[in-house]
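S.K.: Below are the structure tokens for one structure; questions will follow.
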Amino acid sequence: PDNIATLIAQRDVDGARVGGGVRVFGNYGAGGDRQFGFGVLNQLFASAEYGVPVAEKLEAMFGARGGVALLVPGREFAQEIDRLREQGVGVWKVPRVGWFAGLSVGARRRMGDHILLRADVAGQLEQLFLFYTGQEINGLEFDKDWSTFGLRMGLTLGVEFAL
């Protein structure tokens with residue numbers, strides 16, 4: 001998915017920066033030969049990072065992030081939920097939850113008193129729990145257990161504004 005918006009608030013604590021944030025992605029989906037749209041993916045997370053000075057205005061940055069993922073069903077996934085409900089399966093049409101955790105490494109260069117340029121490379125594992133249902137329907141046993149598990153790699157280039 002494309003990252004639509006990220007909002008992060010951090011505070012310096014004993015040389016490290018800790019905080020939290022919210023991230024909103026576009027439509028989350030599987031590509032390739034079997035395209036399938038799941039809906040809009042959101043994340044609520046805690047983060048921490050630590051900078052190590054390497055030159056006069058340059059720091060190496062090391063970070064970690066983890067939190068809760070929330071998927072609002074849409075596209076083909078919402079159609080699958082509707083199809084199952086029409087067939088008498090007791091599935092709810094509510095947002096699905098999951099978890100994620102990741103690490104990052106990067107560099108930050110001070111351009112002035114309140115402006116810094118930044119570049120980071122990050123890796124993140126994420127799992128979303130889509131279905132976990134088992135029941136008897138018209139004398140037949142029905143089980144559906146779907147989840148996603150993936151690795152997201154990213155490169156971030158940005159500007160930090162210090163207050």
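The values are calculated or read from the model by the stated rules, or taken from the named source; none is laboratory data. These numbers were taken from a predicted model, which means no experiment stands behind them. Cβ sites come from the backbone with ideal geometry, for glycine too, and all protein chains shown count toward neighbours. For the accessible areas, the whole protein counts, side chains as well, though only heavy atoms, and no ligand, DNA or RNA atoms are used. Shrake-Rupley method; radii C 1.70, N 1.55, O 1.52, S 1.80 Å.
S.K.: Show the residue pairs that are 6+ apart or on different chains and have beta-carbon atoms under 7 Å apart, the first residue being within the stretch 130-146 and in contact (Cβ under 8 Å) with a residue 12 or more places away in the chain, the second being open to solvent by 80 Å² or more (accessible area, probe 1.4 Å) and of a type in the set (Ser, Thr, Tyr).
M.R.: That search, which allows pairs on different chains as well, returns ASP145/TYR132.
S.K.: Which residue pairs have Cβ atoms under 9 Å apart, sit 6 or more places apart or on different chains, and have a first residue in the stretch 111-125 that is outside any strand (DSSP E or B) and a second that is loosely packed, with under 14 Cβ neighbours inside 10 Å and among the small types (Gly, Ala, Ser)?
M.R.: Pairs found: ASP113/ALA162; HIS114/ALA162.
S.K.: Right, next: Please work out if ARG75 is under 18 Å from GLN10 (Cβ atoms) and either surrounded by 14 or more Cβ atoms within 10 Å (Cβ to Cβ) or of a type outside the set (Gly, Ala, Ser) (or both).
M.R.: no
Residues are listed down the side, and each one gets a yes or a no for (1) farther than 30 Å from ILE115 by Cβ; (2) open to solvent by less than 30 Å² (accessible area, probe 1.4 Å); (3) in a loop (DSSP other than H, G, I, E, B):
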{"residue": "ALA5", "(1), (2), (3)": "no, no, no"}
{"residue": "TYR28", "(1), (2), (3)": "yes, no, no"}
{"residue": "TYR50", "(1), (2), (3)": "no, no, no"}
{"residue": "ALA60", "(1), (2), (3)": "no, yes, no"}
{"residue": "LEU70", "(1), (2), (3)": "yes, no, no"}
{"residue": "ILE81", "(1), (2), (3)": "yes, yes, no"}
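S.K.: Cβ-Cβ under 7 Å, sequence separation 6+ or interchain: first residue in the stretch 71-91 and under 13 Å from PHE131 (Cα atoms), partner part of a strand (DSSP E or B) and of a type in the set (Phe, Trp, Tyr). Which pairs?
M.R.: Going by the 7 Å Cβ cut-off, the qualifying pairs are LEU71/TYR28; LEU71/PHE38; PHE77/PHE38; VAL89/PHE142; VAL91/PHE131.
S.K.: Of the residues LEU151, LEU155, only one is free of Cβ contacts under 8 Å to residues at least 40 places away in the same chain, open to solvent by 30 Å² or more (accessible area, probe 1.4 Å), in a strand (DSSP E or B) and in contact with a Gly (Cβ under 8 Å, 6 or more places away or on another chain); which?
M.R.: LEU151
S.K.: Here's a follow-up. Go through (1) under 30 Å from GLN135 (Cβ atoms); (2) open to solvent by less than 80 Å² (accessible area, probe 1.4 Å); (3) aromatic (Phe, Trp, Tyr) for TRP99 and report which single condition fails.
M.R.: All conditions are met except number (2).
S.K.: Can I ask one more? Which residue out of GLN35, GLN10 is open to solvent by 50 Å² or more (accessible area, probe 1.4 Å), farther than 18 Å from GLY67 by Cα and more than 11 Å from the chain's Cα centre (by Cα)?
M.R.: None of the other options fit; the residue is GLN35.
S.K.: Looking only at the stretch 109-135, how many residues end up being modelled with pLDDT of 95 or more, open to solvent by less than 30 Å² (accessible area, probe 1.4 Å) and closer than 17 Å to VAL159 by Cβ?
M.R.: 1
S.K.: Now for a different question. Exactly one of (1) open to solvent by 70 Å² or more (accessible area, probe 1.4 Å); (2) more than 11 Å from the chain's Cα centre (by Cα); (3) at pLDDT 95 or above is unmet by GLU56. Its number?
M.R.: Checking GLU56 against (1) open to solvent by 70 Å² or more (accessible area, probe 1.4 Å); (2) more than 11 Å from the chain's Cα centre (by Cα); (3) at pLDDT 95 or above, the one that fails is (3).
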